[in-house]
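The values are calculated or read from the model by the stated rules, or taken from the named source; none is laboratory data. Keep in mind that what you see is a predicted model, and the values were worked out from it rather than measured. With ideal geometry, Cβ positions are generated from the backbone for all residues, glycine too; neighbour counts draw on all protein chains shown. Calculation scope for accessible area: heavy atoms of the full protein, side chains included, ligands and nucleic acids excluded. Shrake-Rupley method; radii C 1.70, N 1.55, O 1.52, S 1.80 Å.
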Amino acid sequence: MRTSTAPALADPDAAAQPRTPLVRRLAETPEVGVVAACVVVFVALAVDKSTFAGAVNLQGMGFDLAQYGLIAIGESLVILTGGIDLSVGALLGTSVILMSWFNVRAGLPPVLAILVTMVIAGTVGLVHGLAVTRLKMPPFVVTLVTYTVAQGVTLAITSGTSITGIGGFFGDVGQTYVAQVPLPLILFAAVALAAWFFLERTYAGRQVYAVGGNAEAARLAGIRGDRRIISMYVTSSLLSAFAGIMVLGRMGVGSASGVGVGWELSAIAAAVIGGVSLVGGQGRILGIVAGTVLLELINNGLTTLQINSNYTNIVLGCVLGLAITADRLRARTVARRG
């Protein structure tokens, strides 16, 4: 028997039960640990380096957080179904190049270039979902193929050079502030809110948890699991392309040099740190956002402390290893209780 952090159905007898104290409820919240870690890391870095908590640095973190957070949410939605998407970073990089190419080389207006790219990205997600559900191919293999192909497409289009002269619309999206708050951060918050509402306030969202927790039980309950899985892969790919708009607007050129490379690891790490189980069916948006914030604090903190960037991946790998270990220990504990 498995448990889940998915929202439970309303209990008619709940009102008659005594209320749990607020402190106890907070202590039992799965995400409280990572939220507390965010606070501790932020305070420690702010005390050590006054510039860390400065407005300029916080705004820079806001831009980075939006980029990583969007693909982390998409990755998490796939993991909740019991799958994994290794293509989110490569697909983001390819989306940047495709939008640049459609806008500059094909002469399409920026909005149309974005729409065409989003259609292509959505189609890629649809292929992922169909391959996993209809052909029963392992998600790891399916998305690894896309990861490789996407990187090849990027280099084939650009031949290693940058595409310059993109429309100003991209800069308006990627570099604009609203009351000193980066617009990408606001868009990320809106996406996170929509994902939270879908997962915790809709019947379809609860079906996603059910499919990831026990696919056979979900099938016997009449849930069309294939539809839920396919839609999550499509959403993940669309969010990668959406994040690509912000990356392109921030860079100002369609560059193929390292854009999105390794970002899938950050997305997986943010999900696992935030409490999303790698076997599916467990995890909430609050934890995913908190996990992304913690990773951004660590990344930015290492830069602020002027630590060699080569050590960043070592730290990220160690954090990911600890998160996966904690996830497995948590799964064993749940299994023993069951």
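Full extension from Ser159 to Leu115: what is 0.36 nm times the residue separation minus their Cα-Cα distance, to one decimal in nm?
So the chain would gain 13.4 nm between Ser159 and Leu115.
Using helices alone, I'd like the mean residue ellipticity at 222 nm for the chain: each DSSP H run of four-plus residues gives -39500 (n - 2.57), total over residue count, nearest 500.
Result for the chain: -23500 deg cm²/dmol, rounded to the nearest 500.
For Met232, Met118, write out the residues from largest to smallest accessible area, computed with a 1.4 angstrom probe and no ligands counted.
Met118, Met232
Output wanted: per-residue J couplings in Hz (rounded whole) for the range 225-241, from phi through Karplus 6.51 cos²θ - 1.76 cosθ + 1.60, θ = phi - 60°, x for Gly and Pro.
Values, residue by residue: x, 4, 5, 5, 5, 4, 5, 6, 5, 5, 4, 4, 5, 5, 5, 5, 5 Hz.
So what does Thr303 come to for accessible area, using a 1.4 Å probe and Å² rounded to 10?
Approximately 100 Å² for this residue.
What does the net charge come to around Met246 if you take all other residues with beta carbon closer than 13 Å to its beta carbon, with K and R at +1 and D and E at -1?
-1
Output ³J(HN,Hα) for the range 243-255: one whole-Hz value per residue in order, computed from phi by the Karplus curve 6.51 cos²θ - 1.76 cosθ + 1.60 with θ = phi - 60°, and x for Gly and Pro.
Couplings: 5, x, 4, 5, 5, 5, x, 6, 7, x, 9, x, 9 Hz.
If I take R0 = 41 Å and measure r between the Cβ atoms of Gln306 and Ile186 in this structure, what FRET efficiency does the formula 1/(1 + (r/R0)^6) give, to the nearest 0.05?
0.85
Accessible area, 1.4 Å probe, largest first: how do Thr325, Thr176 sort?
The ranking, largest first, comes out as Thr325, Thr176.
Long-range amide H contacts for Leu86: which residues qualify at under 5 Å (H placed 1.01 Å from N, peptide plane, sequence gap of 5 or more or a different chain)?
Hits under the 5 Å cutoff: Thr143, Leu144.
Angle, helix 263-273 long axis vs. longest principal axis of the chain, Cα atoms, 0 to 90°, nearest 10?
So the helix axis and the longest Cα principal axis differ by about 20 degrees.
How much of Asp48 can a 1.4 Å solvent probe reach, expressed as accessible area in Å² and rounded to 10?
Rounded to the nearest 10, that gives 100 Å².
Counting only heavy atoms of the protein chains, get the accessible area per residue of the chain (1.4 Å probe) and round it to a whole Å² value.
49 Å²
What ³J(HN,Hα) values, in whole Hz, does the Karplus curve 6.51 cos²θ - 1.76 cosθ + 1.60 give for the range 312-321 when θ = phi - 60°, with x put for Gly and Pro?
4, 5, 5, 5, 4, x, 5, 4, 5, x
Let me check something: with ligands and nucleic acids excluded, how do Leu144, Leu135 order by accessible area (1.4 Å probe), largest to smallest?
If we order Leu144, Leu135 from most to least accessible, we get Leu135, Leu144.
Arranged from highest to lowest average of other beta-carbon atoms within 10 Å per residue, in what order do the peptides 219-231, 241-253, 98-110 appear?
241-253, 98-110, 219-231
Please report the carbon-and-sulfur percent of the accessible area for the range 279-335; probe 1.4 Å, protein heavy atoms only, DNA, RNA and ligands left out.
The computed percentage sits at 64.
Where the convex hull is taken over the Cα atoms of the chain, what is its projected area averaged over directions, in nm²?
Its Cα hull, projected and averaged over all orientations, spans 19.0 nm².
Leaving out ligands, DNA and RNA but keeping every protein chain, what accessible area does Val178 have, in Å² rounded to the nearest 10, with a 1.4 Å probe?
Surface accessible to solvent at Val178 totals approximately 70 Å².
If Lys and Arg each add +1 and Asp and Glu each add -1, what is the summed charge of the other residues whose beta carbon sits under 15 Å from the beta carbon of Val259?
-1
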